[in-house]
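All remarks here apply to the structure that follows.
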Amino acid sequence: MRQSFLVFGAPEIQGDEIREVVASMESGWLGTGPKVARFEEDFRSYKGASHAVALNSCTAALHLSLIAAGVGPGDEVITSALTFCATANAIIHAGAVPVIVDVDPVTMNLDPGLVAERISHRTKALLPVHFAGRCCDMDRLMALAEAHDLLVIEDCAHSIETEYKGRKAGTFGDFGCFSFYVTKNVAAGEGGMVLARREGDAARIKVLALHGMTKDAWRRYSDAGYRHYQVVEAGFKYNMMDLQAAIGIHQLHRVEKNWLRREVFWRRYNEAFKDLPITLPSDPEPDTRHAYHLYTVLIDEDRTGLTRDAFLQAMTELNIGVGVHYLCLAEYAFYRERFKWQPEDYPHATRIGRQTVSLPLSPKLTDRDVEDVIETVGEVIAE
Ligand SMILES: Cc1ncc(COP(=O)(O)O)c(C=O)c1O
């Protein structure tokens, strides 16, 4: 058994970001400033997008994108039944109703056929989630959006490096929303980014992120003299700090190197687990690039004699940290009561949510860590 606990999703922090944070602290500029502007530009250019606005989370990015898209009371937004609760909560906070649809059992992404069935006169937007880093079927989803005049907001929390037919995730829709939460492929502790297709949307999101004020602190307090601001609408407090951007800039710099490392781990897991009675992630679709954000296996009690929760517990007891991404949203009491969602109406998301386990995939893992995960999974399944 492994001596020390292997933390699931531990970020890989290096000297460059440590020095950058220290430099920010020594400069005295901690809040939104030049490093946020640099991170926005670096991210925009990495993604080949038109406009990028940094925020303090992906949840904020989803919320402000929905508002900028004009989504509000009386509207419905279609999203995946297999996602983090933040996706649905952002729709609710925008005043609209989330309509969840089941996923494809192989890709675990929104099933476009089911999306088509749920489009109504109230549907204002589609909110696809590129689950685990695998791109949704954007040809079919964008065709539906065009045919029904719907806005598209991509939840790219898992999909910084994701591509589909040569195009980067987050640049298909009107908005693409990214997360720099501590476990993500670019980690800043907390943080988010919106890619917007239209300049006016990016400008409005920037204003909404800081109380609806027309000038941010960076410009108000510059040596050009104090500048008064106007409040043009009731905004939020969603701005990113330079301290977060200081980390993000260097994490983004290593994003491709880290992707290559995770790809090696992914292949090693596939090879090592191929004869075990568990379901492995399906291979990436042709002409796409998977971000390798989550490596998820399915534990079917009928095949392993072990429940998923027993597997989680056994792994933890043997010092391997694991995760669950996610239970079907219809499993949660709040949504069941508010929207009358029932797990049985989303059979694939419900089964996946009850069987899924995410194994460690951080670029921080050593080759020995990966072998420890493999040996422990083998041991737990064999018991
Ligand atoms: C699919 C998905 N959407 C949205 C979010 C929210 O991201 P954040 O924590 O940056 O608000 C997450 C975070 O885990 C996520 O996994």
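Determine the percent antiparallel among the DSSP beta bridges restricted to the chain, to the nearest 5.
Details: 24 of 41 bridges.
Around 60 percent of the beta bridges assigned by DSSP in the chain are antiparallel ones.
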Which distance in nm do the two modelled labels at Asp139 and Ala224 give, with both placed 7 Å along the Cα-to-Cβ direction? 4.8
Charge sum, other residues only, whose C-beta stays under 13 Å from Glu301's C-beta, Lys/Arg counted +1 and Asp/Glu -1: +1
Scan of the chain for trypsin sites (Lys or Arg not before Pro) in DSSP loops with at most 13 other beta-carbon atoms within 10 Å gives a longest site-free stretch of 1-121
Exceeding the 19 Å Cα-Cα cut-off - candidates Lys35/Lys168; Lys47/Lys184; Lys47/Lys257; Lys124/Lys165: Lys35/Lys168; Lys124/Lys165
Cα shape, the stretch 1-66, gyration tensor, a/c 1.5 rule: oblate
How much length, in nm to one decimal, is gained on full extension between Glu344 and Arg167, taken as 0.36 nm per residue of separation minus their Cα-Cα distance? 60.2 nm
Quick one: length gained pulling Lys274 to Ala203 fully straight, 0.36 nm per residue minus the C-alpha distance? 20.6 nm
Round to the nearest 0.05 the FRET efficiency obtained for Thr214 and Ala37 when R0 = 30 Å and r is the Cβ-Cβ distance. 0.95
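What does the C-alpha gyration tensor say about the overall shape of the chain? Classify as rounded when a/c is under 1.5, otherwise prolate if a/b is larger than b/c, or oblate.
Taking the square roots of the gyration eigenvalues as a ≥ b ≥ c, the chain is oblate.
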Full extension from His93 to Ala382: what is 0.36 nm times the residue separation minus their Cα-Cα distance, to one decimal in nm? 99.4 nm
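DSSP loop (so not H, G, I, E, B), at most 13 other Cβ within 10 Å: list which chymotrypsin sites (Phe, Trp or Tyr not before Pro) in the stretch 171-255 pass both filters.
Tyr226
Rounded to a whole number, what % of the accessible area of the stretch 152-289 do carbon and sulfur atoms account for, probe 1.4 Å?
Ligands and nucleic acids excluded, carbon and sulfur reach 54 percent.
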What residue among Ile249, Ile352, Ile13 has the largest mean-square fluctuation in a Gaussian network model of the chain, using Cα springs under 10 Å? Ile13
Which of Thr350, Thr366, Thr171 fluctuates most in a GNM of the chain (C-alpha springs under 10 Å)? That residue is Thr366
With a/c under 1.5 counting as rounded, go ahead and sort the stretch 179-313 into rounded, prolate or oblate using the C-alpha gyration tensor (a ≥ b ≥ c being the square roots of the eigenvalues; past the cut-off, prolate if a/b is larger than b/c, else oblate). prolate
Using the heavy atoms of the protein chains and a 1.4 angstrom probe, tell me the accessible area per residue for the stretch 267-383 in square angstrom. 47
Label point distance in nm, Arg368-Asp16, each placed 7 Å from Cα along Cα→Cβ: 2.6
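The values are calculated or read from the model by the stated rules, or taken from the named source; none is laboratory data. For clarity, every value in this text was computed on a predicted model and none was experimentally measured. Using ideal geometry, Cβ is built from the backbone for each residue, glycine included, and neighbour counts are taken over all protein chains shown. Remember, those area values only see protein heavy atoms, side chains included, never the ligands or the DNA or RNA. Shrake-Rupley method; radii C 1.70, N 1.55, O 1.52, S 1.80 Å.
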